[in-house]
Amino acid sequence: MIMMDINIGSLIRQRANISPEMEGVVGEQRLTFRQINNMLNRAAHWMREQGLQVGDPTSICCRSGGGRCT
């Protein structure tokens, strides 16, 4: 397995800055990159409230087709 130093949050934030109204998720629910970035920001704030620090490894589990992540 090849490990790459890529932060998905950074990639989403870049796309949201370039094309905020572009759809990033299409399925049951359509989400723009701005909406996805806002969701990621809320998740990041919640994780910090739980004691996670920047650089701590973590994972996110999402159902296929969008929806809520845990």
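The values are calculated or read from the model by the stated rules, or taken from the named source; none is laboratory data. For clarity, every value in this text was computed on a predicted model and none was experimentally measured. Quick note on the areas: whole protein, heavy atoms, side chains included, nothing else; ligands and nucleic acids left out. Shrake-Rupley method; radii C 1.70, N 1.55, O 1.52, S 1.80 Å.
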Could you run through segment 46-70 and say how many residues are farther than 13 Å from G9 by Cα and either open to solvent by 80 Å² or more (accessible area, probe 1.4 Å) or modelled with pLDDT under 90 (or both)?
17
Residue under question is G9, and the condition is that it be assigned to a helix (DSSP H, G or I) and at pLDDT 80 or above; does it hold?
yes
Quickly run through segment 24-45 and pick out the residues that are modelled with pLDDT under 80 and open to solvent by 70 Å² or more (accessible area, probe 1.4 Å).
V26, E28
